[in-house]
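Here is the structure we will look at.
The values are calculated or read from the model by the stated rules, or taken from the named source; none is laboratory data. From a predicted model like this one, the values you see are computed outputs, not experimental measurements. Glycine gets a Cβ as well: all are built from the backbone with ideal geometry, and neighbour counts include every protein chain shown.
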């Protein structure tokens, strides 16, 4: 009986440690996004740009225009915005969100379930516009 209790306690402790490490790894990925890395979550490729919101928004608009998007629907509010469009026969959603004075998060989803390669290409074009 005592052995079962000890096993249960050890198993529970190991589970909590592993769960904590997973949360830390996910948190590390989110923190890493500010350092120029990309996070691909549920079909969206996200990253932070070290530029003001307005500059990033303008870059996103230029990218959509340069890629000859059709059915473009921009929705801009204070501190956040979204551009829905069709580029090369694929639905595209670019979401832009203010995080800090010179830090803006951009999320790109291409297609219904997401296309990482196509989203990366759009992010590359946004970064090019910002440089």
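To keep it simple, each residue is scored yes or no on (1) touching a strand residue (DSSP E or B) at 6+ places or on another chain (Cβ under 6 Å); (2) assigned by TED's automatic domain parsing to the domain that holds residue 104; (3) modelled with pLDDT of 95 or more; (4) closer than 18 Å to residue 103 by Cβ.
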| site | (1), (2), (3), (4) |
| --- | --- |
| 63 | no, yes, no, no |
| 74 | yes, yes, no, no |
| 81 | yes, yes, no, yes |
| 86 | yes, yes, no, no |
| 90 | yes, yes, no, no |
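Consider residue 100 carefully, then state whether it is without any contact (Cβ under 8 Å) to a residue 24 or more places away in the chain and either over 21 Å from residue 130 (Cα atoms) or surrounded by 16 or more Cβ atoms within 10 Å (Cβ to Cβ) (or both). Judged against the criteria, residue 100 is not a match.
When you scan region 101-121, how many residues do you find that are part of a loop (DSSP other than H, G, I, E, B) and under 23 Å from residue 89 (Cα atoms)? So the count comes out to 5.
Being in a helix (DSSP H, G or I) and free of Cβ contacts under 8 Å to residues at least 40 places away in the same chain narrows it down to one of 84, 124, so name that one.
124
The set of residues in region 52-81 that are more than 14 Å from residue 122 (Cα to Cα) and assigned to a loop (DSSP other than H, G, I, E, B) comprises 52, 78, 79.
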